[in-house]
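A short write-up of the structure that comes next.
The values are calculated or read from the model by the stated rules, or taken from the named source; none is laboratory data. Computed from a predicted model, the values in this text were never measured in an experiment. Cβ placement follows ideal geometry from the backbone for every residue including glycine, while neighbour counts extend to all protein chains displayed.
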Amino acid sequence: MYKIQKADLPKLYASIAAESDLFLPVKVADQTNFGLYTETADVDIDTLKTVKSAKDIFFPQSETLYKVRRENDNFSIDVEQHRTSPFVVFGIRGCDVRAMTVLDKVFLSEPIDSYYAARRQMGTIVSLACGRPDTSCFCKVFGIDCAEPEGDVVTWLVGKVLYWQPKTKKGEALTEKVASLLEKADEAMVESAKNAIRAIVKKLPYANLSLEKWGAAAADANFDSKLWEEMYKPCLACGTCTFVCPTCQCYDIKDYDTGSSVQRYRCWDSCMYSDFTMMAHGNNRTSQMQRFRQRFMHKLAYFPANNQGMFSCVGCGRCVDKCPSHLNIVKVIKAFEKEGV
């Protein structure tokens with residue numbers, strides 16, 4: 001294990017950025033999100049949760065796939081190139097690292113999404129343990145230890161010191177590149193910090209949510225529940241929950257006429273929208289109740305049924321924080337838990 005003083009982190013950032021792109025939490029207009037590091041960036045690793053997760057780096061909110069140009073009777077197609085240069089993502093919390101595993105199940109299964117696969121291959125993840133988890137967090141419910149997250153390198157910010165531990169070959173390679181800035185460290189301080197974090201987690205309001213009514217076997221049992229008819233009513237169909245969610249993977253493909261070419265691109269979509277999966281003959285989910293049900297059934301029943309029991313929620317709590325109607329996955333889980341009492 002290694003360590004570096006928090007005051008020296010700008011040197012660490014600059015060293016990494018000198019050889020590869022570096023993405024990390026950056027504050028812009030009082031909002032913290034992952035952004036590209038520059039010398040003038042307002043780096044903010046103290047904020048517990050970015051508004052959006054680091055998903056945007058691997059699965060962009062909008063990305064061009066190819067462009068088609070017509071000159072007289074000839075057509076040319078310019079395909080967007082895959083990521084070929086390495087990059088580092090620094091400061092990802094444990095819930096968001098686990099979310100990448102969920103996305104891997106989708107985009108790295110056949111047929112493999114080559115754009116996503118290229119970014120995963122080129123990217124090195126430096127995770128950051130949660131010093132003080134928030135009341136809206138419930139990652140523990142899904143088996144995530146925010147005191148010791150997954151990642152190529154795992155870090156802990158304890159007081160004015162950042163502790164650094166490589167976990168994979170990618171992590172070891174990155175550690176070698178910045179070795180001159182790191183010094184050997186005793187693990188005692190980190191172990192103490194882990195215990196303190198886990199003690200906080202046990203006391204969080206949602207730490208003991210029960211998933212007994214969910215999982216692969218819940219699809220048939222919960223689909224026709226009368227609870228959906230009541231729970232969906234406050235939903236505004238704004239899609240906020242899906243856009244801040246680190247595991248949502250739905251997207252649409254559209255064409256844009258630039259005047260000189262047609263640009264085909266994909267962009268995030270939301271199952272909460274009335275035109276989601278709209279086809280020539282109409283939509284297979286015609287009411288907001290059906291769309292609302294689809295979102296939570298997918299997270300808690302359909303995805304586990306197709307992925308060895310893995311849930312498509314990581315308990316980050318962003319939907320708890322951001323839903324304007326205070327309607328979120330925690331309320332759904334609790335409602336079904338009470339139904340069984």
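For region 110-125, name all the residues that are small (Gly, Ala, Ser) and either in contact with a Phe, Trp or Tyr (Cβ under 8 Å, 6 or more places away or on another chain) or modelled with pLDDT under 95 (or both).
Listed by number, the residues that qualify are 117, 123.
Taking the conditions exactly as written (modelled with pLDDT under 95, among the hydrophobic types (A, V, I, L, M, F, W, C) and assigned by TED's automatic domain parsing to the domain that holds residue 125), does residue 77 satisfy them or not?
Criteria met by residue 77.
Which of the helices (runs of 4 or more DSSP H) found entirely inside region 211-302 contain at least 2 residues meeting this: in contact with a helix residue (DSSP H, G or I) (Cβ under 8 Å, 6 or more places away or on another chain) and over 27 Å from residue 99 (Cα atoms)?
Ranges flagged: 227-231.
Against the condition free of Cβ contacts under 8 Å to residues at least 40 places away in the same chain and assigned by TED's automatic domain parsing to the domain that holds residue 8, how does residue 177 come out, does it pass?
Here the answer is no, as residue 177 does not meet what is asked.
Quick one: in region 192-210, which of the residues that are in a helix (DSSP H, G or I) and surrounded by fewer than 12 Cβ atoms within 10 Å (Cβ to Cβ) is farthest from the chain's Cα centre (by Cα)?
192
Condition first: among the acidic types (Asp, Glu) and not in a strand (DSSP E or B). Now tell me which residues in region 1-48 satisfy that.
8, 19, 30, 39, 42, 44, 46
Name the residues in region 184-198 that are touching a residue at least 40 places away in the same chain (Cβ under 8 Å) and of a type in the set (Asp, Glu), would you?
Within region 184-198, 186, 187 meet the criteria.
Pairs under 8 Å by beta carbon, first residue within 11 Å of residue 211 (Cα to Cα) in region 321-336, partner basic (Lys, Arg) and at pLDDT below 95, six or more apart or different chains?
From region 321-336, the pairs are 333/213; 336/213.
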